[in-house]
Amino acid sequence: MNGNGTGTELRLVKNSLSEPIELTKKSRILVLIAALLAVFLGALDALIIGAAMPTIVADLGGLELYSWAFSAYMLTRTIALPLFGKLADIYSSKKLFVLAVGAFLVGSVFAGMVNSMPQLVFLRALQGIGAGGNFALAYIVVSEVSAPEERGRMMGLISFVWGVSSVMGPLLGGLIVTYLTWPWVFYINVPVGSLAVFFILRYFQESRPKKTDATVDYLGALTLTTCILSLLFAFLLLGEASSWYSPELLGLLFLAVVAGVIFWYAERRAAEPILPLHFFQVPGFTLPNGAAFFSSFAIFSLLAFLPLFIQGTLGRTAAELGLVMVPLSLGWSAGALVCGLVVNRLGEKLTGVAGAILMFISIALTLTFNATTGLIYFSVVVCPIGIGMGFVSVATLIKVQNSLHESDLGVATSSQQFARTLGGTIGIGISGAMVSHYLDKAINGLMNSPLRAEIPPELAAQLSHSIQEFLQPDMVGSLSSTALNAIRESIGKGVEAVFWTALLVSFISIIMCKMMPGRDIKP
């Protein structure tokens, strides 16, 4: 409708006090921009640091904490997703959004000022909390200011920005380290995040009923956090442990089970549970989240170990690796954008099934990869995997949102993002364990064979601790062609196990998408 005689498009919504609020088209666009900026920051920061970490370690030391600069961010982001989602159903989305972006910016500013790796890991954890809130609140806020029939297009646009920022991360990080200094990989967040905060404070209006009489389920939050942390630590360790039965791994899994049982009991008795258990009786909630979990398991396993195949088996350079992985990320972005445009016409079920089938067929083609595979064929195969994932991610998100009451939009939105994050983390952990198993066997066999004499002693010692040493160009040059081919063949077998696993879980995703209800079912 038009208002004030200016011809400006307005949409009438209601706030938590049932007072009419008129949102101008300009306000909705600027709120959308704020959400896109928040998502851009969270996705960018997950990868931009990768290009800077060698320089950071050279400056600060603490090589033993190298991986924790990534893991701390991922772990806290995963925990923050469901917590911010639930809080958004109780408290002001605007205040929570500003809090999340603020935490991210504080972490960014101080991360650029650290003088030790432990400090950096702590601040990366703080950034992860903010990033988790950014992801949860961005989708929630956009859903609040969008009509139900517009949500598909908006979710597709957010996913597109996420994909583009993921592609830009390594490139931008490399440019910053080359032409500026590494603290700027963190400082660059400040102007972008500040603009997002300004737009939210100035233009966003609460438009969804809140559960004003609700209380925070502290026991549920604590036990859920403990369960998630223990589970994620366990699967991170699974990819690195020499034994699947190590005391640390079994202890973490036991703690996860105990915390999960206590969480289940707590949620049954809580007045306002963090994650209401009766939601799992709603097919439109459970099945799309399951499909998102298994599709993320598949694609993140491939994202993690296709680079190992490209460098370790195909013998390609890091520059070539970056180029041939881009089609997968861009395919994901394009698929999400297209799905957002067609999902309202075709329905969440049809688009979800189509995306899952496309993923399955394309993953099946990865089984044809071998040591002679060309990079063009490689790119042609992996691009549809990303397109299919784009369809599944948007279709399942819209389905979950539409299957719960509007007052539970926060839980609905964050649950799907959490399912994707959890699926990806577990997928990487299991795939890492399989690859390590094959490589350990190969290295041990090589060291006990006549080829052992052809491997320089210093390289033999390094290979026994880390296969990453094999990817260094000077190390590859020190091996005979026979030993080199033996190791490359072993890497190929290990990654082939990842391909088979990804194929299996992508088939499960098809089944879950197929079983999704064709129409919304409200609890």
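Below are the figures for this structure:
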{"quantity": "Stokes-Einstein diffusion coefficient of segment 27-180, Kirkwood radius over Cα pairs, 25 °C, 0.890 mPa s, in µm²/s", "calculated": "153"}
{"quantity": "Added length on full extension, which subtracts the Cα-Cα distance from 0.36 nm per residue, residue 500 to residue 195", "calculated": "105.3 nm"}
{"quantity": "Sorted by Cβ neighbour density within 10 Å, fewest at the top, the residues 94, 86, 26", "calculated": "26, 94, 86"}
{"quantity": "Whole-Å distance, taken between Cα centres, linking segment 319-373 and segment 117-189", "calculated": "22"}
{"quantity": "Modelled FRET efficiency - R0 30 Å, residue 272 with residue 147, Cβ distances, 0.05 increments", "calculated": "0.60"}
{"quantity": "Hull volume in cubic angstrom per residue (convex hull over the Cα atoms of segment 263-334)", "calculated": "138"}
{"quantity": "Ascending count of other beta-carbon atoms within 10 Å, so fewest first, for 124, 345, 420, 488", "calculated": "345, 488, 420, 124"}
{"quantity": "Order of 438, 265 under a 10 Å beta carbon neighbour criterion, fewest first", "calculated": "265, 438"}
{"quantity": "Residue 116 paired with residue 371, simple spin-label distance in nm, labels 7 Å along Cα-to-beta-carbon", "calculated": "4.8"}
{"quantity": "Cα→Cβ-extended label distance, 7 Å offset, between residue 92 and residue 265, nm", "calculated": "3.9"}
{"quantity": "When each of 25/514; 95/514; 441/514; 95/399; 25/95 is checked by Cα-Cα distance, pairs over 29 Å", "calculated": "25/514; 95/514; 441/514"}
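Bear in mind that the values in this text are calculations on the coordinates, not laboratory data. Please read these numbers as outputs of a predicted model, since none were measured by experiment. Cβ: placed from backbone, ideal geometry, glycine included. Neighbour counts: every protein chain shown.
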